[in-house]
1. Give region A:211-259 a look and list any residue that's among the aliphatic types (A, V, I, L, M), in contact (Cβ under 8 Å) with a residue 24 or more places away in the chain and within 14 Å of the ligand (Cβ to nearest atom), or say none.
2. Restricting attention to region A:36-86, which residues are of a type in the set (Ser, Thr, Tyr), without any contact (Cβ under 8 Å) to a residue 24 or more places away in the chain and within 11 Å of chain B (Cβ to nearest Cβ)?
3. Out of the residues in region A:56-84 that are of a type in the set (D, E, K, R) and farther than 19 Å from A:ALA208 by Cα, state the one that is nearest to the chain's Cα centre (by Cα).
4. Please go through (1) more than 16 Å from the ligand (Cβ to nearest atom); (2) touching a residue at least 12 places away in the same chain (Cβ under 8 Å); (3) within 14 Å of another protein chain (Cβ to nearest Cβ); (4) open to solvent by 20 Å² or more (accessible area, probe 1.4 Å) for A:GLU180 and return the number of the only condition it doesn't satisfy.
5. If I go through region B:1-52 residue by residue, how many of them are open to solvent by less than 30 Å² (accessible area, probe 1.4 Å), in a strand (DSSP E or B), aliphatic (A, V, I, L, M) and at pLDDT 95 or above?
6. Can you tell me which condition A:LEU17 does not meet? The list is (1) more than 14 Å from chain B (Cβ to nearest Cβ); (2) aliphatic (A, V, I, L, M); (3) outside any loop (DSSP other than H, G, I, E, B), and all the others hold.
7. If I ask for residues that are touching a Lys or Arg at 6+ places or on another chain (Cβ under 9 Å) and among the aromatic types (Phe, Trp, Tyr), which ones from region A:178-237 would you list?
8. Give the number of residues within region A:143-160 that are surrounded by fewer than 24 Cβ atoms within 10 Å (Cβ to Cβ) and either out of contact with any strand residue (DSSP E or B) (no Cβ under 8 Å at 6 or more places or on another chain) or within 14 Å of chain B (Cβ to nearest Cβ) (or both).
Amino acid sequence: MDFNEAQIERYSRHIILSEVGVEGQQKLLESKVLIIGTGGLGAPAAMFLAAAGVGTIGLVDADSVDLSNLQRQIIHQTKDVGKLKVVSGKETINEMNPDVNVITYHTFVNASNILEIIKDQDYDFIIDGTDNFGAKFLINDACVIAKKPFSHAGIIRFNGQLTTYIPDNNTPCYRCMFKEPPPEGAVPTCREAGVLGVMGGVIGTLQATEAIKYILGLGETLAGYLMTYDAIKMEFRKIKIKHNAKCGICGDEPSIQELIDYKPPVCSL
Amino acid sequence: MTIRVNGEEKLLEKEVNILELLTLQEVKMVEMVSVELNGEILDRDDFETTLVKENDAIELLYFMGGGSFGF
Ligand SMILES: [Zn+2]
């Protein structure tokens, strides 16, 4: 792939980094990232990946933009209220960077469509930007089955956390850390608990960083760690997590043979 | 006895099991957390029978949803 003049200028701050260079920028332009959920986490992740020149970005969301989303879901604007989130997201990305091909999936992920969506463009990396545990476990299990690397994250109130799963690397998956979704009522929903708008910005941007580093083969990822962020204490921690031999999906004797549709979203309106 | 919980030192006045420790940490429901004891994720079924020992490093991992609404 040859860069045109505009691309050389657009990506000049990447190209000048010896760890990225022309070659790395080419890798980014040829890469494909799927973002499931274009909300608090997915919005900033999508925007930074688009700005970075990730050539193909898939957006999955069944929802429309609500006024109460705009406090943190910065890919959507006031004029977009009522619009499908995938459409609004695609428009924002197209305006920002014409190099990016945006593919939209106006749907919820479920046990019968998620593998198809992941395989649709043979995505290189998947970002979990969903809000509910059913979807989070589904994405985890699907990525383990499809042998796809992905970034898991969650945010609530003034806290956030994330980890990266890389297949065939003895990496713990989300289910290695959390066996199954919590029962209803055990964990407050976003709506009950609230969330500081910037939490998605901090954690979603870290998810984008993990995707970019994975694509570039650069440095250490959060594979084998759960990173937590406490904005009140202004403290990041990296908790080392081992692969769990008893894990239901990636353990020695996995009990889960097919994908599970858990009950409706914990965080639904 | 001194242990570490989520990176912070904690002084325990008496011997406790993991369930009792969760109560001390004000975890209202056991299902809210996963527990890592000295680098290994503990089975929930073993919370009651696992006693906390001097110098144990315990990480309480909390469920976090978030992201988008209504997805
Ligand atoms: Zn696992």
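1. As a first pass, look at region A:211-259 and keep what is among the aliphatic types (A, V, I, L, M): A:211-212, A:215-216, A:218, A:222-223, A:226-227, A:231-232, A:234, A:239, A:241, A:245, A:249, A:256, A:259.
From what's left, in contact (Cβ under 8 Å) with a residue 24 or more places away in the chain: A:211-212, A:215-216, A:218, A:222-223, A:226-227, A:231-232, A:241, A:249, A:256, A:259.
Correct list: A:ALA223, A:LEU226, A:ILE241, A:ILE249, A:ILE256.
2. Narrowing region A:36-86 to residues of a type in the set (Ser, Thr, Tyr): A:38, A:56, A:64, A:68, A:78.
Next, from what is left, pick out any that are without any contact (Cβ under 8 Å) to a residue 24 or more places away in the chain: A:64, A:68, A:78.
Correct list: A:SER64, A:SER68.
3. In the first step, residues of region A:56-84 are kept if they are of a type in the set (D, E, K, R); the result is A:61, A:63, A:66, A:72, A:79-80, A:83.
Among the residues that remain, those that are also farther than 19 Å from A:ALA208 by Cα are: A:63, A:66, A:79-80, A:83.
On the way: A:ASP63: 17, A:ASP66: 21, A:LYS79: 25, A:ASP80: 22, A:LYS83: 22 Å.
Of everything passing the filter in region A:56-84, A:ASP63 is nearest to the chain's Cα centre (by Cα).
4. That leaves (1) as the condition not met.
5. Number of matching residues: 4.
6. (3)
7. A:PHE178, A:TYR225, A:TYR229 - these are the residues of region A:178-237 that are touching a Lys or Arg at 6+ places or on another chain (Cβ under 9 Å) and among the aromatic types (Phe, Trp, Tyr).
8. In the first step, residues of region A:143-160 are kept if they are surrounded by fewer than 24 Cβ atoms within 10 Å (Cβ to Cβ); the result is A:144-149, A:157-159.
Still in the list and also either out of contact with any strand residue (DSSP E or B) (no Cβ under 8 Å at 6 or more places or on another chain) or within 14 Å of chain B (Cβ to nearest Cβ) (or both): A:145-147, A:157-159.
Within region A:143-160, residues that are surrounded by fewer than 24 Cβ atoms within 10 Å (Cβ to Cβ) and either out of contact with any strand residue (DSSP E or B) (no Cβ under 8 Å at 6 or more places or on another chain) or within 14 Å of chain B (Cβ to nearest Cβ) (or both) number 6.
The values are calculated or read from the model by the stated rules, or taken from the named source; none is laboratory data. Nothing here was measured: the structure is a model prediction, and the numbers come from that model. Here Cβ is always computed from backbone atoms with ideal geometry, including for glycine, and neighbour counts include all displayed protein chains. We work out accessible area using only protein heavy atoms, side chains counted, and drop any ligands, DNA or RNA first. Shrake-Rupley method; radii C 1.70, N 1.55, O 1.52, S 1.80 Å.
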